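Values in this text are rule-based calculations from the coordinates and carry no lab data. As the structure is a prediction and not an experimental result, all values here were calculated from the model. All Cβ positions, glycine included, derive from the backbone under ideal geometry; neighbour counts span all protein chains shown.
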Ligand SMILES: [Zn+2]
């Protein structure tokens, strides 16, 4: 009997021990990092996850803030080579071993200059940039297929474009080709130009015998549209100054050698409704693309869609014609999202996202809250107003209004903004975006912001 008791006790102890071993060694759960030993070629390692009730966590002896719902996030600066990071909780000590490859030093390629030479733009919407870099807000204009340009230098992957005596720009080499040898080419010449003003629009036409490059600049009061003909002479610049309406969109079209530049004034909706307005709602990510993952494992794509659907309801109630880029959890490419917008000819495009922290040292009090992004100048005011209404509705930190060159923001024929309602990976924000009313309030903030923008003077 006594032996029997011992055996049972022993079995019980083994059973409990194994169970305790499984349950307690990872009392906290991590979203990042995914492995305990891996190569991370970044400046910082992210520790993002959920702690159990009353669990105290230290990372390399630093006590980590844990939100009331258990969410925590912390960054550790990585040095080149081996990094040993110790995570202690009430239940266990875990060691994480990360290896960081030393960053290779990139040398700036040298500029080579040569005699001006003609090249031809391969496809529509080829970016012409102010510096030889494929990043940042450096696009001067988007050129059309078949545009004749002169290049007089190269640096890295870019050719330097010669526009006039005082102006050069840059285009990626892959976007240009040598002219067709059999082509009968004569230097384009100016034919005529014309401007017409309508009630809510103005149309400006400039005709040449061939396709030439153009730029668009904006001042407070004007849009300045310029066409360059450097092969004809290095002073050959044709300028159209167009007075800007307060709320406007614009579009550039080129067929043969004729540029048509059209500026539209946004309609003022009647009786504080959105009657007659077409608005595209673009819930970011979806399907195989989850977007950012929150401390508690929430996926950005789901929150984006929830806000998008609430916004759809609200804007429809206000009288708008609403088009969604997705209404369920499916993958839609950025190109398709833009195509959907193009086909629906909207006045406004709203992309909905939630933020994550880039590869920087995280400050949980600063890297949180609501931000709104725009690219073209005509969307800046809408971004500011939506930001104001959103932070008020959501009681989030004001993370600012910023100009960013996101693909979905680059069209100027409609206003486009991208909303980052909150930071998925911020523990404080995770408390907010998990509240029941968050998506509804976000939708209310965006919709009220749009209406205020359109009806206010
Ligand atoms: Zn996103």
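Tell me, what is the percent relative contact order of segment 112-177, built from C-alpha pairs under 8 Å that lie six or more residues apart? Numbers along the way, then the final one.
Numbers: 147 pairs, mean separation 24.9, N = 66.
This gives 38 percent for segment 112-177.
Write down the percent of antiparallel bridges among all DSSP beta bridges whose residues are both part of segment 228-350, to the nearest 5. Intermediate results must be reported in sequence, preceding the final value.
Working: 11 of 18 bridges.
Rounded to the nearest five, the antiparallel share is 60 percent.
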For segment 63-124, using Cα atoms only, the Rg and Dmax in Å read 24.5, 71
For segment 150-222, what does the alpha-carbon gyration tensor say about shape, rounded, prolate or oblate, given a ≥ b ≥ c as the root eigenvalues, a/c under 1.5 as rounded, and a/b over b/c as prolate? oblate
Starting from the Cα gyration tensor of segment 226-301, take the square roots of the eigenvalues, sort them a ≥ b ≥ c, and report rounded, prolate or oblate (rounded when a/c is under 1.5, otherwise prolate if a/b is larger than b/c, else oblate). oblate
Measure off 7 Å from each Cα along the Cα-to-Cβ vector at residue 360 and residue 82, then give the distance between these two points in nanometres to one decimal. 3.3 nm
Which whole-number percent is the relative contact order of segment 281-416 (Cα, under 8 Å, 6+ apart)? 25 percent
Which percentage, to the nearest 5, of the DSSP beta bridges contained in segment 271-455 is antiparallel? 25 percent
Principal axis extents for segment 147-295, Cα atoms only, whole Å, descending order, please. 56, 49, 31
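Would you calculate, for the chain, the mean residue ellipticity at 222 nm contributed by helices, counting each DSSP H stretch of 4 or more residues as -39,500 (n - 2.57) and dividing by all residues, to the nearest 500? Spell out each step's value before the answer.
Numbers: 6 runs with 93 residues, N = 457.
It comes out at -6500 deg cm²/dmol, rounded to the nearest 500.
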The FRET efficiency for residue 43 and residue 395, from their Cβ-Cβ distance with R0 = 30 Å and rounded to 0.05, is 0.40
What one gets for segment 112-177 as the Kirkwood radius, inverse of mean 1/r over different Cα pairs in Å, is 11.6 Å
Calculate, in nm to one decimal, what residue 178 and residue 238 gain on full extension: separation in residues at 0.36 nm each, minus their alpha carbon distance. 19.0 nm
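Hey, fewest Cβ within 10 Å first, where do 47, 32, 114 land in order? Walk me through the numbers before you get to the answer.
On the way: 47 23, 32 15, 114 10.
Going from sparsest to densest Cβ surroundings: 114, 32, 47.
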Please state the Cα pair-distance histogram of segment 271-455 with 10 angstrom bins from zero: what percent is in each bin? 10, 41, 38, 10, 1
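Pulled fully out, how much extra length does the chain show between residue 152 and residue 336, if you take 0.36 nm times their separation in residues and subtract their Cα-Cα distance? Before the final figure, lay out each step's value.
Details: separation 184, 0.36 × 184 = 66.24 nm, distance 3.60 nm.
Between residue 152 and residue 336, full extension yields an extra 62.6 nm.
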Zero-based 10 Å bins, Cα pair distances in segment 268-357, whole percents: 18, 45, 27, 9, 1
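Rounded to the nearest 5, what % of the DSSP beta bridges within segment 312-421 are antiparallel ones?
Values: 4 of 14 bridges.
Antiparallel bridges make up about 30 percent of those DSSP assigns within segment 312-421.
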Simple label model, 7 Å out from Cα along Cβ direction - residue 251 to residue 105, nm: 5.1 nm
Report, to the nearest 10°, how far helix 300-317 tilts away from the longest principal axis of the Cα atoms in the chain, using its own Cα long axis and a range of 0 to 90°. 60 degrees
Using alpha carbons only, how many degrees (0 to 90, rounded to 10) separate the axis of helix 438-455 from the longest principal axis of the chain? 20 degrees
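Over the chain, calculate the relative contact order: mean separation of alpha carbon pairs under 8 Å at least 6 apart, over the residue count, as a percent.
Values: 1001 pairs, mean separation 55.6, N = 457.
About 12 percent, as a whole number.
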Roughly how tilted is helix 2-25, in degrees to the nearest 10 and between 0 and 90, from the longest Cα axis of the chain? 20 degrees
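Over the Cα atoms of the chain, compute the convex hull volume and normalise it per residue, giving Å³. Show your work: numbers first, answer last.
Numbers: hull volume 89.0 nm³, N = 457.
Taking only Cα atoms, the chain has a hull volume of 195 Å³ per residue.
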Find how much the distance from residue 54 to residue 313 grows on full extension, using 0.36 nm per residue of separation minus their present alpha carbon separation; answer in nm with one decimal. 89.2 nm
With the radius of gyration and the Kirkwood radius both derived from the Cα set of segment 190-265, what is their ratio Rg to Rh? 0.97
